[in-house]
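A.B. asks: This structure is in structure tokens; I'll ask about it shortly.
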Amino acid sequence: MRVHESDTCVAEPRPATLRLMATDVTGSLELSQDVQTDVPAGAVARSLAEQMELPKDVAWALRNDAGAFLDEDRQISEQVQEGEILTITPKSHLG
Amino acid sequence: MPIATPITAAQAYSSQPSHDQVAAGMDCRAKDTPTDEVTLTIQGRWVVISDLRGCAAPQRQPGLGHPGLWKVVQDDAGPQRVFEIPRWAVDDPATDDSLASTGETLMQRLVDWALETRQGALPPDWVMPDAALVESWMPGGGLTVQAGGIARQGELLLRPDVWALRMPIVPRIAPDLPAPRLRALEQLAAETQRSWAMVRLSFTGDPDPSALVAEVNFTGAPHVESLFLAGLDVLRHVTRQVQETADVLSNASVEIACLAGSGATNKTHPERSKPI
């Protein structure tokens, strides 16, 4: 019988969080949120849209200060700095 | 109504019980500690192994990293230490390749997994599955859960000492979270653990809790896709069900009158925003 060395009551590292600011395209809605650093940006965009009660039949994305869209499949912390202001924007194709 | 047909552990091991026998239910005694009773019953779609000795020591709540699915649940009969296996995994035709060479049944392997991990040990011949195999089972985005205004990202742990899925239910608990809120979080965790098979919820940090994490621990388990996917499904459902409640309880900027006590407030950070 092998005895497993790691047992109960192990202190685990705290999951990291990141604080970010988010606004809708009109600037009328603002949120300050702590998000898990390893959540994909697409999931963050959807959760922010729900928090802002934006329409659910629209696909939402996040843009950074420079106007660039975040990659929805990459972790939010790879694309955003602490305290950065993001804009939640409908994903749309113009023609 | 669980069925319980007595059978000894020696019978269970020597006669290689068929699924019919398991489906009929069995009571057994651990093979190496004859005074410690272990019962095995069928409850709906689950095979439930109970460690009766654990009833006498309910404080022995397995925490994060404890191999296997053991956990303490509280019901009308008091605390019970249980290990729950999905029955459909027992019937999975695509089972662990190593079974063919040993002649063992999958049910034997699963029971062996439960008995060995009861005290934190592992089955003697168990090896960690290949990462590529486990990752091939994982559906795309399977560890991302978004419900309401909250998103959570889980993790697959495949280290030499642990094979587990984990999901932060509350990624960060403020050190000054009022005690009534912390107790409510503890009750939420206990109730969730009782209601959902396979998963256990644990606070990290010592002595002060710093996060609440849900875990399904496969360490020591046969390499069976349906077992793994059942654990993943449970973890996702649990997260969807409890994360908003847990978020409100852990967010002291949202006052909860029933937790404030007589004339007191439990709102400690009025300026803090709600985490997602």
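A.B. asks: Only residues that are in contact with a helix residue (DSSP H, G or I) (Cβ under 6 Å, 6 or more places away or on another chain) and of a type in the set (A, V, I, L, M): list them for the range A:49-93, please.
C.D. replies: Answer for the range A:49-93, where residues must be in contact with a helix residue (DSSP H, G or I) (Cβ under 6 Å, 6 or more places away or on another chain) and of a type in the set (A, V, I, L, M): A:Ala61, A:Leu62, A:Leu70, A:Ile76, A:Ile88.
A.B. asks: Only one residue in A:Glu72, A:Glu50 is of a type outside the set (S, T, N, Q), in a loop (DSSP other than H, G, I, E, B) and under 14 Å from the mean Cα position of the chain (by Cα). Which one?
C.D. replies: A:Glu72
A.B. asks: Here's another thing I want to ask about it. Output the residues belonging to the range B:135-149 that are farther than 23 Å from B:Ala252 by Cα, facing chain A (nearest Cβ under 8 Å) and either of a type in the set (Asp, Glu) or outside any strand (DSSP E or B) (or both).
C.D. replies: Passing the criteria: only B:Gly141.
A.B. asks: Please count how many residues of the range B:65-81 are in a loop (DSSP other than H, G, I, E, B) and either within 17 Å of B:Trp113 (Cα to Cα) or of a type in the set (Val, Ile, Thr) (or both).
C.D. replies: 6
A.B. asks: Continuing with this model, one more query. For B:Arg166, which of the numbered conditions (1) within 18 Å of the chain's Cα centre (by Cα); (2) among the charged types (D, E, K, R); (3) over 23 Å from B:Thr192 (Cα atoms) fails to hold?
C.D. replies: Every listed condition holds for B:Arg166 apart from (3).
A.B. asks: Applying the selection to the range B:122-134, what residues are away from every other protein chain (no Cβ under 14 Å) and exposed (fewer than 11 other Cβ atoms within 10 Å of the Cβ)?
C.D. replies: B:Ala132 - this is the single residue of the range B:122-134 that is away from every other protein chain (no Cβ under 14 Å) and exposed (fewer than 11 other Cβ atoms within 10 Å of the Cβ).
A.B. asks: When the range B:76-105 is examined, which residues are found to be hydrophobic (A, V, I, L, M, F, W, C), surrounded by 14 or more Cβ atoms within 10 Å (Cβ to Cβ) and either in contact with a helix residue (DSSP H, G or I) (Cβ under 6 Å, 6 or more places away or on another chain) or modelled with pLDDT under 80 (or both)?
C.D. replies: Residues satisfying the conditions are B:Phe83, B:Ile85, B:Ala89, B:Val90, B:Leu99.
A.B. asks: Can you find a residue that is within 14 Å of chain A (Cβ to nearest Cβ) and either more than 30 Å from B:Gln108 (Cβ to Cβ) or out of contact with any strand residue (DSSP E or B) (no Cβ under 7 Å at 6 or more places or on another chain) (or both) anywhere in the range B:256-265?
C.D. replies: no
A.B. asks: Looking at B:Arg172, B:Arg152, B:Arg181, which one is away from chain A (no Cβ under 11 Å) and among the basic types (Lys, Arg)?
C.D. replies: One residue alone meets the criteria, B:Arg181.
A.B. asks: Working carefully through the options B:Val216, B:Val199, find the one that is more than 10 Å from chain A (Cβ to nearest Cβ), at pLDDT 95 or above and out of contact with any Phe, Trp or Tyr (no Cβ under 9 Å at 6 or more places or on another chain).
C.D. replies: B:Val199
A.B. asks: Quick one: is A:Asp57 at the interface with chain B (Cβ under 9 Å from one of its Cβ atoms) and either part of a loop (DSSP other than H, G, I, E, B) or not hydrophobic (A, V, I, L, M, F, W, C) (or both)?
C.D. replies: no
A.B. asks: Then there's this: Looking at B:Glu215, B:Glu244, which one is farther than 30 Å from B:Trp113 by Cβ and touching a residue at least 60 places away in the same chain (Cβ under 8 Å)?
C.D. replies: B:Glu244
A.B. asks: Would you be able to say whether some residue in the range B:168-177 is more than 14 Å from B:Ala246 (Cα to Cα) and buried (at least 18 other Cβ atoms within 10 Å of the Cβ)?
C.D. replies: No, there is no match, as no residue in the range B:168-177 is more than 14 Å from B:Ala246 (Cα to Cα) and buried (at least 18 other Cβ atoms within 10 Å of the Cβ).
A.B. asks: Right, here's the next one. So, in the range A:23-44, exactly how many residues are outside any strand (DSSP E or B), under 15 Å from A:Ile85 (Cα atoms) and within 9 Å of chain B (Cβ to nearest Cβ)?
C.D. replies: Qualifying residue count for the region: 1.
The values are calculated or read from the model by the stated rules, or taken from the named source; none is laboratory data. These numbers come from a predicted model, not from an experiment. Methodologically, a virtual Cβ is constructed for each residue, glycine included, from the backbone with ideal geometry; neighbour enumeration extends over all protein chains shown.
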